1. Which distance in Å, rounded to a whole number, links the C-alpha centroids of the stretch C:280-347 and the stretch C:208-228?
2. Run down the aspartates and glutamates and flag those whose C-alpha is under 20 Å from the C-alpha of C:LYS587, throwing out any fewer than 8 positions away in its chain.
3. For a quick check: with amide H placed at 1.01 Å from N, whose amide H comes under 5 Å from C:SER286's, ignoring anything fewer than 5 positions away on the same chain?
4. Starting from the Kirkwood Rh over alpha-carbon pairs, what translational D in µm² s⁻¹ does chain C have by Stokes-Einstein at 10 °C and 1.306 mPa s?
5. Rounded to a whole number, what % of the accessible area of the stretch C:370-456 do carbon and sulfur atoms account for, probe 1.4 Å?
6. Once label points are set 7 Å from the Cα along Cα→Cβ at both B:TYR185 and B:LYS120, what is their separation, rounded to one decimal in nm?
7. Over 31 Å between Cα atoms: which of C:LYS179/C:LYS208; B:LYS88/C:LYS556; C:LYS291/C:LYS323; C:LYS121/C:LYS439 fall into that group?
8. Once the other residues with Cβ under 12 Å from the Cβ of A:GLU30 are scored (Lys, Arg +1; Asp, Glu -1), what is the net sum?
Amino acid sequence: MENERVDQIIDKHGAEPSGLIQILLEIQSENNWLPKSALERVGERLGVPLTRIQHIATFYKAFSLVPKGRNKVHICMGTACHVRGAQRVLDTVQDVIGIKPGETDLDLKFSLETVNCLGCCALGPVMEINGKTHGKLTPAETANVLKSYE
Amino acid sequence: MSEIVLEIDGKKVTAREGATVLEAAASAGVRIPTLCHHEKLEPYGSCRLCTVEVEAGGRTRLVVACVYPAADGLRVRTRSDKIDRIRKLILELYLAHAPDAAGLRDLAEEYGADRDRFDKEASFCIQCGLCVRYCAEVKKKHAVGFVDRGWRKEICFVPEIAAETCWDCRECFPLCPTEALQAAYVFVEALKFPREDPPGDGAVPERS
Amino acid sequence: MARINSPAELEAVRDAILAARDPDKPCITLCCGSACQASGSLEVADRLEAELREQGVDGEIEIRKTGCHGYCERGPIVVNEPSGVSYFQLQPDDVSEIVAAIKDKGVVERLLYSDPVTEEKIEQEAQIPFYKNQKRLVFGDNVKIDPKRIEDYLAIGGYAALAKALSQMTPEDVLEEVKKANLRGRGGGGFPAGIKWEGTRNAPGDTKYVIVNADEGDPGAYMDRSLLEGNPHAILEGLVLGAYAVGAQEGYIYVRQEYPLAVENVVLAIQQAEAHGLLGENILGSGFDFKVVVHQGAGAFVCGESTALMTALEGRVGEPRPKYIRSNIKGLWEKPSVLNNVETWANVPLIIKNGADWFTSLGTEGSKGTKVFSLVGKITNTGLVEVPMGTTLREIIFDIGGGIPGGKKFKAVQTGGPSGGCLPEDMLDLPVGFDELTKAGSMMGSGGMIVMDEDTCMVDVARYFIGFLTDESCGKCVPCREGLRQMLKILTRITTGEGRDGDIQLLEELSEVAKEAALCALGQSGPNPFLSTVRYFRDEYEAHIRENRCPALVCKELIAFHIDPEKCQACGSCRRKCPAEAIDGGKNRIHVVDQDKCTKCGTCFEVCPSRFAAVRKISGEPVPPPIPEEDRVIVRKSKKK
């Protein structure tokens with residue numbers, strides 16, 4: 001990400017240290033991950049030490065310090081999904097794409113994350129890929145859904 | 001500044017207004033164990049070892065002495081069965097990380113803590129934050145910070161800053177309550193060249 | 001629309017909106033809440049719009065896309081106005097019939113709700129058991145409003161409470177009314193909002209803040225999301241009233257970035273309210289100034305804790321502060337700050353509009369008004385339900401929720417989110433209220449209600465919640481970071497058959513230390529899932545530890561799948577579906593599970609036709625050896641003849 005664009009985002013949020021998280025969120029959403037150069041730029045402009053930015057960037061779940069895969073797979077591990085078999089869905093996904101939650105596969109096809117509740121408890125267990133919700137999944141259906149992504 | 005009188009373990013103690021219970025106790029010679037406290041640093045309240053019982057307004061509760069403000073008429077108990085039980089278990093949790101640390105050994109003996117109560121952990125760090133906070137609050141260098149959260153939280157040096165400032169300072173090394181070499185170890189790791197398998201573009205390790 | 005400069009102008013605007021509306025004009029209200037969107041309501045909406053155009057009635061029939069109606073189990077949902085006829089589980093292909101029926105003043109029978117017992121069709125939403133037993137004061141307006149249109153909120157009397165307060169009440173009056181109503185916080189501990197506000201009002205200093213906690217993180221609870229998505233102006237109105245009462249000039253809405261629709265709707269609502277003079281400078285010409293900023297949470301459960309949330313608002317890592325001064329006295333940027341959750345703020349305009357006496361006429365001695373619960377898990381009618389405080393768990397789960405699906409038996413209900421507890425069957429007649437739930441070893445929390453049936457293992461549930469909290473612990477203090485983690489390790493070994501004598505006791509010790517010595521509420525209430533399950537289901541813990549048996553047949557390491565040779569008809573369903581290729585069999589050959597290959601995913605158990613029911617789960621006993629090869633041939637009765 002170009003420093004110019006990073007600057008625009010910083011300016012939009014008023015270049016205040018209190019806006020740090022909002023700025024990082026916008027960079028994350030636009031760029032899909034937080035490159036170190038961008039973090040340094042933000043630190044410089046806001047006068048915030050890099051140690052604090054690093055802590056924030058690793059503390060909150062929304063941020064990633066590595067590039068993410070083309071397809072973002074979110075497995076809901078909320079309570080309602082849990083009692084309806086979310087673990088089995090997660091096991092299947094891990095078997096099929098061979099990565100654990102928090103990881104991205106080598107050809108950047110999938111990133112896998114677990115999330116706490118997608119608020120679709122009626123459809124549990126739920127898997128969301130790129131914002132599309134797949135509900136009432138069984139292990140067999142889960143494997144089928146994954147096959148349809150390139 | 002005005003003075004206040006409180007009671008610690010039955011003793012009348014005079015303290016300045018704004019002092020914490022820990023400071024008041026120290027001035028009266030009552031020792032309360034701590035691991036994350038440092039007089040030059042802001043109270044942090046993370047090790048919970050200085051948990052004491054206070055009675056104010058007819059209510060008794062457990063608080064940490066390093067943060068709780070001393071107040072006129074406050075009654076403090078620094079030892080009780082419950083307090084000792086809490087300190088013992090906290091020490092046991094720490095001993096899983098640093099079973100041989102000298103600073104913990106004496107306390108463990110005092111409270112009867114069993115160093116083998118929990119399975120041993122790979123890291124010696126107990127997240128007291130002394131090195132991180134000292135670097136930020138006293139030295140204002142911000143060379144070492146925390147990354148991640150929960151049990152994955154660890155200390156991490158920023159190589160660029162560390163390479164420039166740490167060699168001549170190293171004041172954080174002896175602060176470490178478990179192993180004086182903990183910060184030193186992470187520091188050297190950060191400066192290794194070439195760094196082993198830099199994650200991403202070399203910022204900080206990805207959370208798993 | 002222009003800026004509104006006085007309460008009188010507000011009424012004039014409202015009258016004008018209503019006058020321009022024809023109450024008899026058909027309007028299709030379609031639920032477009034997040035859950036219904038996941039069920040395809042946006043596709044239905046698109047088709048509906050196209051259909052109206054095609055049939056040339058887009059001027060005669062309106063569509064209103066609303067927020068969540070609550071009955072998520074049956075989404076997408078349409079409620080027709082003015083007839084009240086409701087349709088459920090719609091597909092895009094259903095819309096032409098719906099439009100045709102409106103034109104003919106008829107009803108599409110097949111899309112109506114059908115009573116599961118009597119199979120009687122019910123036309124009116126209000127007559128459906130799920131809705132009939134609710135009292136939807138806070139949540140009921142969702143169906144009447146397009147959350148993107150301030151006019152809709154104004155049309156149903158929106159901002160009237162604010163106008164009343166600003167023109168007829170002093171800030172003290174507003175505070176007194178909320179205190180008198182005994183409105184208790186709907187997000188966690190149930191602290192009386194009025195007392196919190198009073199502390200802030202009386203605290204020294206001119207700068208004060210009011211904050212909406214919309215960092216709803218409890219897994220299985222989504223009422224705050226649905227309110228913020230479906231009726232954002234109600235929360236704003238409540239917030240302005242709070243600001244007026246305590247003397248704040250600035251407010252924040254802390255909302256999870258995982259809730260994009262809520263963020264979008266509330267940002268739009270703020271813009272609209274500002275443009276109308278309902279936010280910003282000189283609100284409704286009263287001289288009162290107040291502005292609101294939306295802050296998106298970046299994903300940390302602990303930020304629901306008040307001091308952590310305020311730290312996050314300041315742009316820092318969301319670690320709770322070790323303070324013994326309440327944040328209503330010293331909060332955001334060390335200034336007095338009132339923090340309440342979405343549902344609490346949404347109640348404020350109702351209290352001001354209708355009076356504290358009206359509010360306290362509902363509920364129990366200690367808990368007034370209504371509460372929205374998210375009823376989820378093993379329940380027939382998943383959804384959001386709002387009932388007066390004091391309604392029993394049984395009424396909520398069975399009368400409204402329709403009981404447990406699949407003929408299963410109720411086992412427990414988990415309330416209060418991860419820090420809450422599980423209540424067993426003999427507590428079903430407990431009236432829900434803050435104090436009642438706490439006394440029973442659980443809590444109200446934000447109103448999550450997760451129903452569990454006999455197939456739920458309570459040790460596994462405790463492990464799940466402690467695992468969740470371990471993951472969400474900020475890591476600052478040791479009783480939570482290390483204590484919960486050790487609890488998770490012990491619970492994990494119990495559920496994997498490695499439990500030891502003394503484990504329950506050790507868990508109890510760790511619980512005590514977390515409860516007494518942790519820094520914030522997350523750690524202090526963290527052991528609750530263990531404490532409440534061991535209180536009511538101790539025998540399950542003992543079965544795991546002593547007999548290596550999971551009574552609910554859930555814990556993978558303690559169960560095996562076995563095909564009963566007496567029952568297997570060699571249909572081949574399980575063998576074809578087994579993802580691990582762990583089933584050996586063939587035509588007319590009794591199927592056998594290879595226990596070494598089996599990953600215990602349970603697919604065979606699910607696909608075995610119920611008329612055979614040959615696959616069974618076993619636990620605490622050895623798996624019977626595979627039957628000898630020569631006995632595996634099935635001789636069909638018909639062929640025997």
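The values are calculated or read from the model by the stated rules, or taken from the named source; none is laboratory data. Just so we're clear, the structure is a prediction, and the values are computed from it rather than from any experiment. As a convention, Cβ positions derive from the backbone with ideal geometry for all residues, glycine included, and neighbour counts pool all protein chains shown. Note: areas computed on protein heavy atoms with side chains; ligands, DNA, RNA excluded. Shrake-Rupley method; radii C 1.70, N 1.55, O 1.52, S 1.80 Å.
1. About 12 Å separates the Cα centre of the stretch C:280-347 from the one of the stretch C:208-228.
2. Qualifying aspartates and glutamates at Cα under 20 Å: C:ASP564, C:GLU566, C:GLU629, C:GLU630, C:ASP631.
3. Long-range HN contacts for C:SER286: none found.
4. Value of D from the Cα-based Kirkwood radius: 59 µm²/s.
5. Details: 1120 of 2180 Å².
Result for the stretch C:370-456: 51 percent of the exposed heavy-atom area is carbon or sulfur.
6. 1.1 nm
7. Exceeds cut-off: B:LYS88/C:LYS556; C:LYS121/C:LYS439.
8. Values: positive: A:ARG5, A:LYS12; negative: A:GLU2, A:GLU26.
For residues surrounding A:GLU30, the net value is 0.
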